[in-house]
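Student: The structure follows.
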Amino acid sequence: MDSNKMGTSLSENMGYLNGKLSVDTNFDIVYRVIKIGGRDACMYFIDGFCKDELMQKMLQYFLDIKEEEMPKDAHEMSKTSLPYVEVDLQDTWEKIIYFLMSGVFVLMVDGYDQCLLIDSRTYPSRGVEEPEKDKVLRGSKDGFVETIVFNTALIRRRIRSTELRMEMMQAGKSSKTDIVLCYMDSRVDHEFLNKVKERIEQIKVDALTMNQESLAECLYKKKWYNPFPKFKFTERPDTAAAQILEGDIVILVDNSPSAMITPTSIFDVVEEADDYYFPPITGTYLRLSRFLICILTYLLTPTFLLLMQNPAWIPGGFEFIAIEGDVNIPLIWQFLILELALDGLRLAAVNTPNMLSTPLSVMAALVLGEFSVNSGWFNSEVMLYMAFVAIANYTQASYELSYAIKFMRIINLILTAIFGIWGYIGAIVIMVIAIVTNKTVSGKSYIYPLLPFNMKQLSKRLLRKRLPEARE
């Protein structure tokens, strides 16, 4: 028998497949030999992936087929004797094993040189409730889940156009992870689309163990040291649908409850769904305030450190910001310790059981707040500004952008402590260079429409304007 294609002998086909699947070892791979229309047949499926009620009805239907009604080949059987919608035919072992391991029901009949693939699978999944990270005050309350078919359905529900494309690909030698490219055929940049497809096809990894992050690192290998995000991630189907309508590509990865949007600029990362669920003036205020707070989280602590090094530079009327008490530990070390401590508290909060999170948060606030100041480890002014920075970081939905700003802020603190005003200016220059020289996956400018400059697009990015159909 050809090692690549199945034959017509059921016993040989079963022998090959049983050896490949190790059915004697894998308890969850089930096979059963039955009679269909007087012929021997065998069905394979993975326990937990098939709908029991549906399989019971189909099995009863197969057993009721009479010998004289039995179709002559698999193609005819799929057309006349299979009471199900999602049916396919395959004769190559690689494809058959792939679909079987994906949860598809496989039926082989003696004398047929093709097997029937019945897509009756169902995956363990949770409900499409609102995601914890991408919450909005108004708007839809559904979110992506770990099942890729459900995620594509959520997008299809919002874009009922024949131009919408959902293209399936796979990556990973062992995992064979499903990847779906979602785009509008008439609006997408086809040159960039082909580049993305080519890069996915060239991925040579054993498995996408970390889902989208593994895929992102394979798609964008250049400038890994630049911390600013190259992709935008969202768990909201309305945000993903909006980006598709704007001509972007949304990449869905099986087992991941979020969508990866590309190409992405710095303005795309800062945008949020709430900007569009409020009237234009409110949406503009939210967007501009987010920009302003983002700048403040970067400049606040380095500026305070610079002013404490040069008290004469403190503007008139702001003398109260100066530290009056004793400084037992240099300010730079206070800031660096708190930067690390905040991440420690964040990691602790993630791993703390819900029933203990409230009392432990109160204890952390008391111990690390009041007692650390009274003990002389930190000054109250330093604690105040770091508390603002810690809270303000959550105004950004993108964790990647928040950490990029954090890394740049730490560089600014260190350079300011060592070189004073020149270190402060140099750190700002480094941040600007990091943003300007960063590129999207498509190779275009990361700060478009600033570079190249486009006033119309820039105003659209900064201001929440009325929708075209709402204008007079």
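We did not get these values from a lab; they are worked out from the coordinates using the rules stated. The structure presented is a predicted model; accordingly, all values stated were derived computationally and were not measured. Note: ideal-geometry Cβ built from the backbone for every residue, glycine included; neighbour counts use all protein chains shown.
Student: Taking the convex hull of the Cα atoms, report for the range 104-254 its projected area averaged over all directions, in nm².
Tutor: 12.0 nm²
Student: Show me the three semi-axes of the equivalent ellipsoid for the range 127-187, from the C-alpha gyration tensor (sqrt of 5 times each eigenvalue), largest first, rounded to whole Å.
Tutor: 23, 19, 9
Student: May I pose another question? Return the calculated 222 nm mean residue ellipticity for the chain, to the nearest 500 deg cm²/dmol, obtained by summing -39500 (n - 2.57) across DSSP H runs with n ≥ 4 and dividing by the residue count.
Tutor: Computed ellipticity for the chain at 222 nm equals -14000 deg cm²/dmol.
Student: So what are the ³J(HN,Hα) numbers for the range 435-446, from phi and the Karplus equation (6.51, -1.76, 1.60; θ = phi - 60°), rounded to whole Hz, Gly and Pro as x?
Tutor: Each residue's phi maps through the Karplus curve to give 6, 5, 7, 5, 10, 6, 4, 6, x, 8, 5, 7 Hz.
Student: Next question, about the same structure. About its Cα centre, what dipole magnitude does the range 1-57 give when the only charges are +1 on Lys and Arg Cβ and -1 on Asp and Glu Cβ, stated in debye to the nearest 20?
Tutor: Charge dipole, the range 1-57, about its Cα centre: 220 debye, nearest 20.
Student: Using the Karplus curve 6.51 cos²θ - 1.76 cosθ + 1.60 with θ = phi - 60°, what ³J(HN,Hα) values do you get for each residue of the range 236-253, in whole Hz, with x for Gly and Pro?
Tutor: Along the range 236-253, the couplings run 9, x, 5, 5, 4, 5, 5, 5, 5, 5, 8, x, 7, 10, 9, 10, 9, 10 Hz.
Student: Compute the acute angle (0 to 90°) between the alpha-carbon long axis of helix 52-63 and the principal axis of greatest extent of the alpha-carbon atoms of the chain; round to the nearest 10°.
Tutor: On a 0 to 90 degree scale, this one is about 20.
Student: Across the range 386-395, in residue order, what do the Karplus-derived ³J(HN,Hα) couplings come to in whole Hz, using 6.51 cos²θ - 1.76 cosθ + 1.60 with θ = phi - 60° and x for Gly and Pro?
Tutor: Values, residue by residue: 6, 5, 4, 4, 5, 6, 5, 4, 7, 6 Hz.
Student: Quick one: net charge of Asn412's neighbours, Cβ under 14 Å, K/R +1, D/E -1?
Tutor: Here the count lands on +1.
Student: Starting with the highest mean, order 310-322, 104-116 by the number of other Cβ atoms within 10 Å, averaged over the residues of each peptide.
Tutor: Final packing ranking: 104-116, 310-322.
Student: Farthest toward the dipole's positive end in the range 381-472, which of Leu451, Ile411, Ala390, given Cβ charges of +1 (Lys, Arg) and -1 (Asp, Glu) about the Cα centre?
Tutor: Leu451
Student: Of the trypsin sites (Lys or Arg not before Pro) in the range 1-61, which ones lie in a loop per DSSP and count no more than 14 other C-beta atoms within 10 Å?
Tutor: Lys51
Student: While we're here: Which value results when the Cα radius of gyration for the range 374-470 is divided by 2.2 N^0.38 Å?
Tutor: The reported ratio for this selection is 1.45.
Student: Between Lys57 and Ile295, what is the spin-label point distance in nm, taking each point 7 Å from the Cα along the Cα→C-beta axis?
Tutor: Those two pseudo-labels are separated by 6.2 nm.
Student: To the nearest 20 Debye, how big is the dipole of the chain about its Cα centre, given +1 on the beta carbon of each Lys and Arg and -1 on that of each Asp and Glu?
Tutor: 1560 debye
Student: Something else now. Could you pull the Rg and Dmax for the range 182-294, using just the Cα atoms, both in Å?
Tutor: Values for the range 182-294 (Cα only, Rg and Dmax): 15.5, 50 Å.
Student: Rounded to the nearest angstrom and ordered from largest down, what semi-axes does the equivalent ellipsoid of the range 223-281 get from its C-alpha gyration tensor (root of 5λ)?
Tutor: 20, 16, 10
Student: Taking a threshold of 22 Å on the Cα-Cα distance, which of the pairs Lys197/Lys439; Lys195/Lys223; Lys195/Lys460 fall above it?
Tutor: Lys195/Lys460
Student: Going toward the positive end of the dipole of the chain, with +1 on Lys and Arg Cβ and -1 on Asp and Glu Cβ, which of Ala427, Pro311, Phe150 do you reach last?
Tutor: Pro311
Student: So how compact is the range 270-327: Cα radius of gyration and Dmax in angstrom?
Tutor: 17.2, 50
Student: Right, here's the next one. Working from Cα positions, state the angle (0 to 90°, nearest 10) between the long axis of helix 331-351 and the longest principal axis of the chain.
Tutor: That helix lies at roughly 30 degrees to the long axis.
Student: Take the residue pairs Lys176/Lys222; Lys35/Lys95; Lys173/Lys444 and return only those whose Cα atoms are more than 29 Å apart.
Tutor: Table pairs above 29 Å Cα-Cα are Lys173/Lys444.
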